Amino acid sequence: MLVRDATAADIPTLVDFVMTEAREAQALELSRDTATKSVSAVFNDRSLARYWILDDDGTARGAIAVVREWSDWNNAAYWWIQFVFIAPEFRGKGHLETLVAHVRALAGAAGAPEVRLYVHIDNARAIRAYQRLGFTTLVYRIMSIPPLPAPASDELDDDALWIAFHERTLPAAQWTHRAHLRIAWMHLARYSLDEAHLLMRVGIIRLNAAHGLVETAQRGYHETITRVWFALVGAAMRRERGADSRAFLAAHALEKEAPLRHYSRERLFSLEARTTFIAPDVADLPSL
């Protein structure tokens with residue numbers, strides 16, 4: 001048995017492991033669609049978590065995942081074991097120790113002050129297993145409170161929308177055409193065109209990943225459409241900037257189909273246009 005980094009090819013196996021672990025540990029039946037989106041998001045944004053596979057000559061027999069929590073007391077990140085699973089027929093053979101030792105070694109190399117985990121208070125078997133590996137009970141108590149209901153996107157002021165976009169907390173239902181335009185306005189208000197485009201490209205891809213959207217040739221970030229909207233928003237800002245993004249949109253009608261005044265549908269929605277900016281074939285864009 002060896003421990004290796006998980007790859008996107010392991011997503012179906014990891015989803016099976018996650019669903020089985022939830023069923024065994026807390027009698028929870030997870031949605032396969034949600035679990036698939038959750039696991040897939042990690043392979044689009046490695047800052048979310050990291051998975052390793054317990055590999056038996058090409059067959060996955062278990063897995064472990066870690067998330068990191070920044071500590072401003074230590075100027076370093078705690079490593080939290082967020083998920084562990086070993087196939088039933090391979091339990092009790094020392095493989096948990098193998099997985100945990102692998103994570104501990106990497107955490108030490110990364111300068112983590114501790115490796116931590118949380119375990120359900122009624123899961124006596126897991127508690128005993130972790131104690132045998134040297135885990136001790138800390139003095140902290142985990143507490144929880146539901147978040148406040150998210151307001152509609154239009155209700156968020158610019159500061160709140162900016163933070164939600166860059167911290168990847170904006171719900172997918174609120175990542176609308178209007179929200180795209182408001183975020184474009186905010187980037188142009190802060191940065192030069194090229195820097196605004198770079199930062200928004202990164203932000204969109206990261207937010208898509210947080211929503212579980214896997215970038216493909218048909219879905220996800222679109223380079224030409226993003227640049228076109230920067231041109232259209234920038235031109236409108238030169239006419240009337242507005243005090244904030246909501247005031248700007250109140251002053252300008254920027255309907256979703258506007259790019260098709262400059263591009264044929266075939267050209268705009270081509271793979272080439274998705275991956276790199278291409279010039280319009282119907283009418284020139286406003287000067288950038």
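The values are calculated or read from the model by the stated rules, or taken from the named source; none is laboratory data. Keep in mind the model is a prediction, meaning the values are calculated, not measured. All Cβ positions, glycine included, derive from the backbone under ideal geometry; neighbour counts span all protein chains shown.
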Which of (1) of a type in the set (V, I, T); (2) free of Cβ contacts under 8 Å to residues at least 40 places away in the same chain; (3) in contact with a strand residue (DSSP E or B) (Cβ under 6 Å, 6 or more places away or on another chain) does V84 not meet, given it meets every other one? (2)
With β-branched (V, I, T) and either without any contact (Cβ under 8 Å) to a residue 24 or more places away in the chain or out of contact with any Leu (no Cβ under 8 Å at 6 or more places or on another chain) (or both) as the only criterion, which of V214, V233, V228 stands out? V214
Checking A164 against (1) farther than 27 Å from W229 by Cα; (2) under 24 Å from the mean Cα position of the chain (by Cα); (3) hydrophobic (A, V, I, L, M, F, W, C), which single condition isn't satisfied? (1)
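Within 24 Å of L48 (Cα to Cα), among the small types (G, A, S) and touching a Ser or Thr at 6+ places or on another chain (Cβ under 7 Å): which single residue out of G212, G203, G220 fits that description? First the steps, then the outcome.
Working: G203 fails: touching a Ser or Thr at 6+ places or on another chain (Cβ under 7 Å); G220 fails: touching a Ser or Thr at 6+ places or on another chain (Cβ under 7 Å).
From the options G212, G203, G220, the qualifying one is G212.
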Please report, ordered by residue number, the helices (runs of 4 or more DSSP H) entirely within region 217-288 with at least 3 residues that are touching a helix residue (DSSP H, G or I) at 6+ places or on another chain (Cβ under 6 Å), at pLDDT 95 or above and in the same structural domain as A160 (by TED's automatic domain parsing). 223-239
